[in-house]
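Chemist: Below: one structure in C-alpha coordinates.
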Amino acid sequence: MKHLLISRIESLYHTMLRIRRVEEAIAGHYPMQEMRCPVHLSIGQEAVAAGVCAALRQQDGVFSNHRAHAHYLAKGGSLTAMLAEIYGKAEGCCKGIGGSMHMIDLAAGFLGAVPIVGATVPLAVGAAWAAKLRGEDKVITVFFGDGTFEEGAVYESINFAVLHRLPVLFVCENNLYACYTRLSTRQPDRPIHTVATACGCKAVTADGNDALAVFDAASSAVADLRAGGYPVFLECSTYRWREHCGPNMDDDLDYRPKTEVAAWKAACPVSRLAKILGTLDEGQNFMAHAEREISAEINTAFAGALAGGIPQQTDLPGYLYA
Ligand SMILES: Cc1ncc(C[n+]2csc(CCOP(=O)(O)OP(=O)(O)O)c2C)c(N)n1
Ligand SMILES: [Mg+2]
(Lines give C-alpha, C1' and ligand atoms only; values in the text may rest on other atoms or scores of the structure.)
(Ligands and ions follow the chains in the order given, each with its own letter.)
Protein backbone atom coordinates (compact mmCIF):
# COMPACT_ATOMS: atom_id res chain seq x y z
CA MET A 1 0.00 0.00 0.00
CA LYS A 2 2.79 2.39 1.03
CA HIS A 3 4.75 1.42 -2.08
CA LEU A 4 1.72 2.12 -4.29
CA LEU A 5 1.30 5.56 -2.75
CA ILE A 6 4.98 6.40 -3.26
CA SER A 7 4.90 5.36 -6.89
CA ARG A 8 1.71 7.43 -7.37
CA ILE A 9 3.42 10.48 -5.85
CA GLU A 10 6.49 9.93 -8.06
CA SER A 11 4.42 9.57 -11.17
CA LEU A 12 2.29 12.68 -10.45
CA TYR A 13 5.43 14.66 -9.64
CA HIS A 14 7.10 13.56 -12.86
CA THR A 15 4.07 14.51 -14.96
CA MET A 16 3.83 17.95 -13.33
CA LEU A 17 7.55 18.66 -13.50
CA ARG A 18 7.58 17.70 -17.18
CA ILE A 19 4.70 20.07 -17.95
CA ARG A 20 6.39 22.85 -15.93
CA ARG A 21 9.75 22.43 -17.66
CA VAL A 22 8.22 22.14 -21.14
CA GLU A 23 6.24 25.35 -20.64
CA GLU A 24 9.24 27.15 -19.16
CA ALA A 25 11.20 26.10 -22.25
CA ILE A 26 8.40 27.39 -24.50
CA ALA A 27 8.48 30.69 -22.59
CA GLY A 28 12.26 30.80 -22.99
CA HIS A 29 12.16 30.21 -26.76
CA TYR A 30 9.17 32.46 -27.42
CA PRO A 31 11.04 35.79 -27.66
CA MET A 32 13.04 34.38 -30.60
CA GLN A 33 9.83 34.89 -32.60
CA GLU A 34 9.99 31.53 -34.33
CA MET A 35 6.78 30.41 -32.62
CA ARG A 36 4.21 32.42 -34.52
CA CYS A 37 1.08 31.47 -32.57
CA PRO A 38 -0.22 32.68 -29.21
CA VAL A 39 0.57 30.44 -26.23
CA HIS A 40 -1.52 30.13 -23.05
CA LEU A 41 0.64 28.53 -20.36
CA SER A 42 -0.64 26.40 -17.48
CA ILE A 43 2.29 27.05 -15.16
CA GLY A 44 0.83 26.87 -11.64
CA GLN A 45 -2.10 24.69 -12.74
CA GLU A 46 -0.24 21.44 -13.49
CA ALA A 47 -1.86 19.38 -10.73
CA VAL A 48 -5.29 19.40 -12.38
CA ALA A 49 -4.06 17.90 -15.66
CA ALA A 50 -1.74 15.44 -13.89
CA GLY A 51 -4.25 14.30 -11.27
CA VAL A 52 -7.18 13.84 -13.65
CA CYS A 53 -5.25 12.14 -16.47
CA ALA A 54 -3.63 9.72 -14.00
CA ALA A 55 -7.15 8.45 -13.29
CA LEU A 56 -7.82 7.76 -16.99
CA ARG A 57 -6.90 4.94 -19.34
CA GLN A 58 -5.29 5.35 -22.72
CA GLN A 59 -8.59 4.64 -24.54
CA ASP A 60 -10.47 7.28 -22.55
CA GLY A 61 -10.94 10.51 -24.46
CA VAL A 62 -9.91 14.01 -23.40
CA PHE A 63 -10.90 17.40 -24.80
CA SER A 64 -9.24 20.66 -23.87
CA ASN A 65 -9.33 24.37 -24.58
CA HIS A 66 -7.02 27.30 -25.40
CA ARG A 67 -4.78 26.39 -22.42
CA ALA A 68 -4.11 22.88 -23.72
CA HIS A 69 -0.45 21.91 -23.31
CA ALA A 70 -0.78 20.41 -19.82
CA HIS A 71 -3.80 18.28 -20.70
CA TYR A 72 -2.21 17.07 -23.94
CA LEU A 73 1.05 16.09 -22.22
CA ALA A 74 -0.61 14.52 -19.16
CA LYS A 75 -2.76 12.35 -21.46
CA GLY A 76 0.35 11.12 -23.24
CA GLY A 77 0.38 13.29 -26.37
CA SER A 78 3.66 13.42 -28.31
CA LEU A 79 5.90 16.25 -27.08
CA THR A 80 7.78 16.59 -30.38
CA ALA A 81 4.53 16.81 -32.36
CA MET A 82 3.23 19.44 -29.92
CA LEU A 83 6.34 21.60 -30.23
CA ALA A 84 6.38 21.15 -34.00
CA GLU A 85 2.78 22.37 -34.03
CA ILE A 86 3.68 25.45 -32.01
CA TYR A 87 6.53 26.13 -34.45
CA GLY A 88 4.09 25.76 -37.37
CA LYS A 89 5.88 22.73 -38.82
CA ALA A 90 4.24 20.18 -41.12
CA GLU A 91 5.21 17.43 -38.64
CA GLY A 92 3.06 19.09 -35.96
CA CYS A 93 0.10 17.29 -34.43
CA CYS A 94 -2.20 19.52 -36.53
CA LYS A 95 0.13 19.59 -39.56
CA GLY A 96 1.47 22.96 -38.42
CA ILE A 97 -1.67 24.87 -39.36
CA GLY A 98 -3.40 24.80 -35.97
CA GLY A 99 -0.88 26.13 -33.46
CA SER A 100 -0.83 25.89 -29.69
CA MET A 101 -4.60 26.08 -29.27
CA HIS A 102 -5.36 23.24 -31.73
CA MET A 103 -3.76 20.14 -30.29
CA ILE A 104 -4.74 16.57 -31.09
CA ASP A 105 -3.20 13.13 -30.57
CA LEU A 106 -5.73 10.40 -31.26
CA ALA A 107 -3.27 7.61 -30.38
CA ALA A 108 -3.08 9.03 -26.87
CA GLY A 109 -6.84 9.59 -26.63
CA PHE A 110 -6.38 13.35 -26.76
CA LEU A 111 -9.35 14.13 -28.98
CA GLY A 112 -8.80 17.83 -29.45
CA ALA A 113 -8.45 21.35 -28.15
CA VAL A 114 -10.36 24.34 -29.48
CA PRO A 115 -9.83 27.96 -28.41
CA ILE A 116 -13.46 29.07 -28.68
CA VAL A 117 -14.44 29.24 -25.02
CA GLY A 118 -16.85 26.43 -24.15
CA ALA A 119 -16.69 24.86 -27.63
CA THR A 120 -15.30 21.50 -26.57
CA VAL A 121 -17.92 20.91 -23.86
CA PRO A 122 -20.65 19.90 -26.36
CA LEU A 123 -18.03 18.01 -28.40
CA ALA A 124 -17.16 15.95 -25.31
CA VAL A 125 -20.81 15.23 -24.62
CA GLY A 126 -21.24 14.14 -28.25
CA ALA A 127 -18.19 11.86 -28.00
CA ALA A 128 -19.56 10.33 -24.80
CA TRP A 129 -22.96 9.81 -26.42
CA ALA A 130 -21.29 8.08 -29.37
CA ALA A 131 -19.27 5.89 -26.99
CA LYS A 132 -22.42 4.92 -25.11
CA LEU A 133 -24.37 4.13 -28.29
CA ARG A 134 -21.49 2.00 -29.57
CA GLY A 135 -21.18 0.19 -26.24
CA GLU A 136 -17.54 1.26 -25.84
CA ASP A 137 -15.92 1.05 -22.43
CA LYS A 138 -14.57 4.58 -22.18
CA VAL A 139 -15.16 7.83 -20.40
CA ILE A 140 -14.73 11.28 -21.91
CA THR A 141 -13.17 14.12 -19.95
CA VAL A 142 -13.36 17.78 -20.86
CA PHE A 143 -11.21 20.47 -19.23
CA PHE A 144 -12.46 24.05 -19.20
CA GLY A 145 -12.02 27.27 -17.27
CA ASP A 146 -14.32 29.28 -15.02
CA GLY A 147 -15.00 31.59 -17.99
CA THR A 148 -16.79 28.75 -19.74
CA PHE A 149 -19.79 29.36 -17.51
CA GLU A 150 -20.48 32.48 -19.51
CA GLU A 151 -21.34 30.31 -22.52
CA GLY A 152 -24.86 28.91 -22.91
CA ALA A 153 -23.79 25.71 -24.68
CA VAL A 154 -22.16 24.55 -21.45
CA TYR A 155 -25.47 24.52 -19.54
CA GLU A 156 -27.18 22.73 -22.42
CA SER A 157 -24.38 20.17 -22.57
CA ILE A 158 -24.52 19.33 -18.86
CA ASN A 159 -28.30 19.05 -19.06
CA PHE A 160 -28.06 16.67 -22.04
CA ALA A 161 -25.34 14.56 -20.40
CA VAL A 162 -27.43 14.14 -17.24
CA LEU A 163 -30.58 13.37 -19.20
CA HIS A 164 -28.86 10.62 -21.21
CA ARG A 165 -26.58 9.43 -18.38
CA LEU A 166 -23.45 9.92 -20.44
CA PRO A 167 -19.95 8.97 -19.24
CA VAL A 168 -18.54 12.50 -19.10
CA LEU A 169 -16.20 13.96 -16.53
CA PHE A 170 -16.56 17.76 -16.64
CA VAL A 171 -13.43 19.32 -15.14
CA CYS A 172 -13.61 23.03 -14.33
CA GLU A 173 -10.24 24.66 -13.62
CA ASN A 174 -11.34 27.62 -11.58
CA ASN A 175 -8.35 29.96 -11.63
CA LEU A 176 -10.50 32.94 -10.59
CA TYR A 177 -9.87 34.95 -13.77
CA ALA A 178 -10.83 35.05 -17.42
CA CYS A 179 -8.14 37.16 -19.08
CA TYR A 180 -7.97 40.21 -16.78
CA THR A 181 -11.42 40.00 -15.20
CA ARG A 182 -12.07 38.46 -11.83
CA LEU A 183 -14.76 35.83 -11.42
CA SER A 184 -16.69 37.94 -8.91
CA THR A 185 -17.28 40.69 -11.48
CA ARG A 186 -18.37 38.22 -14.18
CA GLN A 187 -20.64 35.77 -12.44
CA PRO A 188 -23.09 35.68 -9.51
CA ASP A 189 -21.72 34.89 -6.08
CA ARG A 190 -22.17 31.11 -5.96
CA PRO A 191 -19.74 28.21 -6.21
CA ILE A 192 -19.47 27.22 -9.87
CA HIS A 193 -20.14 23.54 -9.21
CA THR A 194 -23.60 24.36 -7.82
CA VAL A 195 -24.64 25.19 -11.38
CA ALA A 196 -23.92 21.57 -12.30
CA THR A 197 -25.81 20.32 -9.25
CA ALA A 198 -28.77 22.46 -10.28
CA CYS A 199 -28.77 20.54 -13.60
CA GLY A 200 -28.93 17.28 -11.63
CA CYS A 201 -25.24 16.52 -12.17
CA LYS A 202 -23.19 15.02 -9.36
CA ALA A 203 -20.52 17.56 -8.40
CA VAL A 204 -17.36 17.34 -6.34
CA THR A 205 -14.55 19.76 -5.56
CA ALA A 206 -10.81 19.40 -5.08
CA ASP A 207 -7.86 21.54 -4.17
CA GLY A 208 -6.52 21.96 -7.72
CA ASN A 209 -2.98 22.55 -6.46
CA ASP A 210 -2.89 19.18 -4.72
CA ALA A 211 -2.29 16.52 -7.37
CA LEU A 212 -3.09 13.68 -4.96
CA ALA A 213 -6.43 15.26 -4.00
CA VAL A 214 -7.29 15.80 -7.68
CA PHE A 215 -6.30 12.20 -8.46
CA ASP A 216 -8.49 10.85 -5.64
CA ALA A 217 -11.50 12.94 -6.69
CA ALA A 218 -11.06 12.06 -10.38
CA SER A 219 -10.56 8.35 -9.62
CA SER A 220 -13.78 8.03 -7.69
CA ALA A 221 -15.63 10.10 -10.33
CA VAL A 222 -14.29 7.87 -13.10
CA ALA A 223 -15.20 4.72 -11.13
CA ASP A 224 -18.80 6.04 -10.93
CA LEU A 225 -18.82 6.78 -14.64
CA ARG A 226 -17.51 3.35 -15.54
CA ALA A 227 -20.20 1.79 -13.38
CA GLY A 228 -22.74 3.47 -15.67
CA GLY A 229 -23.70 6.25 -13.30
CA TYR A 230 -24.43 9.85 -14.07
CA PRO A 231 -21.83 12.29 -15.38
CA VAL A 232 -19.68 13.98 -12.77
CA PHE A 233 -18.57 17.60 -12.48
CA LEU A 234 -15.23 18.25 -10.77
CA GLU A 235 -14.36 21.81 -9.79
CA CYS A 236 -10.68 22.38 -9.02
CA SER A 237 -9.46 25.62 -7.49
CA THR A 238 -6.12 26.72 -8.90
CA TYR A 239 -4.22 29.75 -10.22
CA ARG A 240 -2.38 30.80 -13.37
CA TRP A 241 1.03 32.30 -12.65
CA ARG A 242 1.85 34.00 -15.95
CA GLU A 243 -0.06 36.35 -18.23
CA HIS A 244 -3.32 35.09 -19.72
CA CYS A 245 -1.73 34.74 -23.15
CA GLY A 246 2.01 34.78 -23.71
CA PRO A 247 5.22 33.80 -21.94
CA ASN A 248 5.61 36.68 -19.49
CA MET A 249 4.59 37.61 -15.97
CA ASP A 250 2.03 40.43 -15.95
CA ASP A 251 1.85 41.36 -12.29
CA ASP A 252 2.80 44.95 -13.18
CA LEU A 253 -0.71 45.36 -14.64
CA ASP A 254 -2.16 45.14 -11.13
CA TYR A 255 -5.38 43.35 -12.05
CA ARG A 256 -4.63 40.76 -9.37
CA PRO A 257 -3.71 41.64 -5.77
CA LYS A 258 0.00 41.01 -5.20
CA THR A 259 -0.80 39.18 -1.95
CA GLU A 260 -3.11 36.84 -3.87
CA VAL A 261 -0.45 36.05 -6.48
CA ALA A 262 2.14 35.43 -3.76
CA ALA A 263 -0.18 33.14 -1.78
CA TRP A 264 -0.91 30.98 -4.82
CA LYS A 265 2.76 30.79 -5.79
CA ALA A 266 3.52 29.63 -2.26
CA ALA A 267 0.99 26.84 -2.86
CA CYS A 268 2.95 25.61 -5.92
CA PRO A 269 1.66 22.15 -6.87
CA VAL A 270 5.10 20.89 -7.94
CA SER A 271 6.87 22.02 -4.74
CA ARG A 272 4.06 20.49 -2.72
CA LEU A 273 4.89 16.99 -3.92
CA ALA A 274 8.62 17.75 -3.90
CA LYS A 275 8.31 18.37 -0.15
CA ILE A 276 6.78 14.94 0.35
CA LEU A 277 9.36 13.25 -1.89
CA GLY A 278 12.15 15.05 -0.05
CA THR A 279 11.24 13.21 3.14
CA LEU A 280 11.40 9.76 1.50
CA ASP A 281 14.42 7.50 1.04
CA GLU A 282 15.56 7.92 -2.56
CA GLY A 283 13.19 10.88 -3.00
CA GLN A 284 16.02 13.33 -3.73
CA ASN A 285 17.57 10.90 -6.21
CA PHE A 286 14.23 10.44 -7.92
CA MET A 287 13.77 14.20 -8.33
CA ALA A 288 17.32 14.79 -9.58
CA HIS A 289 16.94 11.96 -12.08
CA ALA A 290 13.57 13.32 -13.25
CA GLU A 291 15.13 16.77 -13.87
CA ARG A 292 17.94 15.28 -15.97
CA GLU A 293 15.67 12.96 -17.92
CA ILE A 294 13.10 15.69 -18.66
CA SER A 295 15.77 18.19 -19.65
CA ALA A 296 17.29 15.73 -22.14
CA GLU A 297 13.86 14.89 -23.54
CA ILE A 298 13.00 18.57 -24.00
CA ASN A 299 16.28 19.32 -25.79
CA THR A 300 15.73 16.41 -28.18
CA ALA A 301 12.09 17.38 -28.76
CA PHE A 302 12.93 21.03 -29.54
CA ALA A 303 15.65 19.94 -31.96
CA GLY A 304 13.25 17.49 -33.63
CA ALA A 305 10.49 20.07 -33.87
CA LEU A 306 12.77 22.75 -35.31
CA ALA A 307 14.13 20.36 -37.91
CA GLY A 308 10.66 19.98 -39.46
CA GLY A 309 9.47 21.58 -42.69
CA ILE A 310 6.78 24.19 -43.14
CA PRO A 311 3.35 23.21 -44.50
CA GLN A 312 2.86 23.73 -48.22
CA GLN A 313 0.19 26.10 -49.44
CA THR A 314 -0.92 23.46 -51.95
CA ASP A 315 -1.81 21.12 -49.06
CA LEU A 316 -4.36 23.55 -47.61
CA PRO A 317 -7.45 22.41 -49.57
CA GLY A 318 -6.79 18.87 -48.30
CA TYR A 319 -8.01 19.91 -44.86
CA LEU A 320 -11.21 21.68 -45.92
CA TYR A 321 -14.69 20.21 -46.20
CA ALA A 322 -16.11 21.36 -49.51
C1 LIG B 1 -16.53 32.40 -27.35
C2 LIG B 1 -15.24 33.12 -27.01
N3 LIG B 1 -15.30 34.33 -26.42
C4 LIG B 1 -14.16 34.98 -26.09
C5 LIG B 1 -12.93 34.41 -26.36
C6 LIG B 1 -11.63 35.12 -25.97
N7 LIG B 1 -11.06 34.41 -24.82
C8 LIG B 1 -10.06 33.52 -24.97
S9 LIG B 1 -9.62 32.80 -23.52
C10 LIG B 1 -10.74 33.72 -22.67
C11 LIG B 1 -10.86 33.59 -21.18
C12 LIG B 1 -11.17 32.23 -20.74
O13 LIG B 1 -11.19 32.18 -19.34
P14 LIG B 1 -11.34 30.82 -18.61
O15 LIG B 1 -12.41 30.01 -19.26
O16 LIG B 1 -11.53 31.12 -17.18
O17 LIG B 1 -9.97 30.07 -18.89
P18 LIG B 1 -8.50 30.50 -18.44
O19 LIG B 1 -7.96 31.38 -19.52
O20 LIG B 1 -8.59 31.19 -17.14
O21 LIG B 1 -7.74 29.22 -18.38
C22 LIG B 1 -11.45 34.55 -23.52
C23 LIG B 1 -12.53 35.47 -23.08
C24 LIG B 1 -12.92 33.15 -27.00
N25 LIG B 1 -11.78 32.52 -27.29
N26 LIG B 1 -14.08 32.51 -27.28
MG1 LIG C 1 -10.13 31.17 -15.69
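Chemist: What is the Cα convex hull volume of the chain when expressed per residue in Å³? Kindly include the intermediate steps, with their values, before the conclusion.
Modeler: Numbers: hull volume 45.3 nm³, N = 322.
In the chain, the Cα convex hull volume per residue is 141 Å³.
Chemist: Around residue 127, under 13 Å between beta carbons, what's the net of Lys plus Arg minus Asp minus Glu among the other residues?
Modeler: Overall, the nearby charge balance is +1.
Chemist: Between beta-carbons, use under 11 Å as the cut-off and find the net charge around residue 56, counting Lys and Arg +1, Asp and Glu -1.
Modeler: It works out to a net charge of +3.
Chemist: Also: Rounded to the nearest percent, how much of the accessible area of the chain (1.4 Å probe, protein heavy atoms only) is carbon and sulfur?
Modeler: Carbon and sulfur: 58 percent of the exposed surface of the chain.
Chemist: Additional query: Could you check which residue among 229, 44, 61 shows the biggest mean-square fluctuation in a GNM of the chain with a 10 Å Cα cutoff?
Modeler: Looking only at 229, 44, 61, the biggest GNM fluctuation is shown by 229.
Chemist: Looking at segment 184-287, what % of the alpha carbon pairs are farther apart than 25 Å?
Modeler: 42
Chemist: Spin-label point model (7 Å from Cα, Cβ direction): what's the residue 197 to residue 258 distance in nm?
Modeler: Label at residue 197, label at residue 258, 3.8 nm between them.
Chemist: In addition: Between segment 10-47 and segment 50-97, what is the separation of their alpha carbon centroids in Å?
Modeler: About 12 Å separates the Cα centre of segment 10-47 from the one of segment 50-97.
Chemist: Mind checking which of 15, 280, 111 is farthest towards the positive end of the chain's charge dipole, using Cβ charges of +1 (Lys, Arg) and -1 (Asp, Glu) about the Cα centre?
Modeler: Farthest along the dipole direction, towards plus: 111.
Chemist: More than 23 angstrom separation, counting every C-alpha pair in segment 125-260; what % is that?
Modeler: Value for segment 125-260 (Cα pairs over 23 Å): 38 percent.
Chemist: Measure off 7 Å from each Cα along the Cα-to-Cβ vector at residue 312 and residue 186, then give the distance between these two points in nanometres to one decimal.
Modeler: It is 4.3 nm.
Chemist: Given segment 1-82, what whole percent of its Cα pairs are spread farther than 17 Å? All intermediate terms of the calculation are to be shown ahead of the outcome.
Modeler: Details: 1638 of 3321 pairs.
Tail of the P(r) past 17 Å holds 49 percent of the pairs.
Chemist: Here's a follow-up. How much area per residue is accessible in segment 2-306 when the probe is 1.4 Å and only protein heavy atoms are counted (Å²)?
Modeler: For segment 2-306, the per-residue accessible area is 41 Å².
Chemist: Select from 223, 174, 200 the residue farthest towards the positive end of the dipole of segment 167-301; place +1 on Cβ of Lys and Arg, -1 on Cβ of Asp and Glu, and compute about the Cα centre.
Modeler: 200
Chemist: Evaluate the Debye formula for segment 46-151 with equal point scatterers sitting on the alpha carbons, no solvent, and hand back log10 of I(q)/I(0) at q = 0.19, 0.23 Å⁻¹, in q order, two decimals.
Modeler: The Cα Debye sum returns log10 ratios of -0.91, -1.23.
The values are calculated or read from the model by the stated rules, or taken from the named source; none is laboratory data. Since the model is a prediction, treat every value here as computed from it, not as a measurement. In this analysis, Cβ positions are derived from the backbone assuming ideal geometry, glycine residues included, and neighbour counts consider all displayed protein chains. Surface areas here come from the heavy atoms of the whole protein model, side chains and all, with no ligands, DNA or RNA. Shrake-Rupley method; radii C 1.70, N 1.55, O 1.52, S 1.80 Å.
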